[in-house]
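To start, the structure itself, in structure tokens.
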Amino acid sequence: MEKNAKIYVAGHRGLVGSALMRNLRDKGHTNLLTRTHAELDLTNQAEVEAFFESEKPEYVFLAAAKVGGIHANNTYPAEFIRDNLAIQTNVIHAAYKNNVKRLLFLGSSCIYPKLAPQPMKEEHLLTSELESTNRPYALAKIAGIEMCWAYNRQYKTQYLAVMPTNLYGPGDNYHPENSHVIPALIRRFHEAKLANAPSVTVWGSGTPRREFLYSEDMADACVYLMNLPDEQFVPLLGQDRNDGLAPLMNIGVGHDLTIRELAETVKNVVGYQGAIEFDSTKPDGTPRKLMDVGRLNAMGWKASTLMKSGLAVAYQDFIASNAYS
């Protein structure tokens, strides 16, 4: 991507999008295009097409999505499949109609089967059933991957889907019910610390294993991929109908920990002194979700942020944001 190329970051205010914006600016990209939801409703086809026709972005990072944890996915399944299908369909098609050079579609590790072999490789997509608690969201993201693949094959577009593992970092969503596990734990332990509460209850048994990637590392990987030369980028796109591998790249750290270990780590970073209790009546979700990041590592990129360091930054961001007030 040229330093002055017009780059559209869809969803620039979220955890993913804000990290992408910081990384692009740090790398000297000066022509960044953004719109708030109030300015552009990505679920509205007419608005999206008018925006692309007017602005003509050269590169697109599609980070806009309706996201949330287990509770949100269970409570609002219709919104999760409807909004995500609409956003990605509108943006991907408008990108094609307006000759966008490259598009990066951000997905989620929940696209992989509930009982996928560990670590999960890109070729494990669609090999067995999904986790039921987030199936509508996962199916929407799988449809986005398939749409990128279909457009690459039929129109020779250059659309790549990336599947980051569980993310955390500055700008996260700390909603008490609809947030992901790390921001939820940060908020819970912080509030318990302020209240001198004797214990904090964590959903589930604490035994599932999860992988977590610092959002700034994720953004660096995305920009790295979008800047690959054609001889490395084009083979990833599945333009050959007989290739068999979706235009898909895992982004992660390559190692995981239990939810119990995660809770202990967050507790220490926050400085909470009480006990941790686990509510095994609540759903655990997938037993294990570890990404195989061998392909990305082989291409020259590897995560560099230690979890305790990343969590410390995330906690300071949480306090500065007054998200708990």
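One table, with the values for the structure above:
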{"read-out": "Per residue Cα convex hull volume in Å³ - calculated over the stretch 137-241", "value": "139 Å³"}
{"read-out": "Qualifying lysines (Cα of each under 24 Å from Cα of K267; at least 8 residues distant if same chain)", "value": "K193, K282, K289, K308"}
{"read-out": "Cα-based Rg / Dmax (Å) for the stretch 275-325", "value": "16.9, 44"}
{"read-out": "The chain - Rg (one decimal) and Dmax (whole number), Cα, Å", "value": "19.4, 61"}
{"read-out": "Estimated translational D of the stretch 84-166 in µm²/s (Stokes, Kirkwood radius over Cα pairs; 20 °C; 1.002 mPa s)", "value": "161 µm²/s"}
{"read-out": "Semi-axis lengths (Å, descending) of the ellipsoid that matches the C-alpha gyration tensor of the stretch 195-325", "value": "36, 19, 12"}
{"read-out": "Average Cα contact separation per residue, the chain, under 8 Å, 6 or more apart, as relative contact order %", "value": "20 percent"}
{"read-out": "For the stretch 12-90 versus the stretch 275-325, the gap between their alpha-carbon centres in whole angstrom", "value": "22 Å"}
{"read-out": "Cα extents of the stretch 17-86 along the three principal axes, largest first (Å)", "value": "41, 29, 18"}
{"read-out": "The stretch 99-157, relative contact order [Cα under 8 Å, separation at least 6], %", "value": "34 percent"}
{"read-out": "Kirkwood hydrodynamic radius (C-alpha pairs) into Stokes-Einstein, the stretch 1-120, 4 °C and 1.567 mPa s, D in µm²/s", "value": "84 µm²/s"}
{"read-out": "Equivalent ellipsoid semi-axes - Cα gyration tensor, the stretch 177-233, angstrom", "value": "37, 14, 8"}
{"read-out": "Total lysine pairs under 15 Å (Cα atoms) in the stretch 1-102, excluding pairs fewer than 8 apart on one chain", "value": "7"}
{"read-out": "Spread of Cα-to-Cα distances over 10 Å intervals beginning at zero, given as percent, for the stretch 235-298", "value": "16, 29, 26, 17, 10, 2"}
{"read-out": "In range of the label at Y224: residues from the stretch 158-172 whose backbone nitrogen is under 18 Å from the point 7 Å along Cα→Cβ", "value": "160-168"}
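Every read-out reported here was derived from the displayed coordinates using simple, explicitly stated rules and does not represent laboratory data. The model shown is predicted, which means the values in this text are computed figures rather than measured ones. No Cβ is skipped: glycine too gets one built from the backbone with ideal geometry, and neighbour counts run over all protein chains shown.
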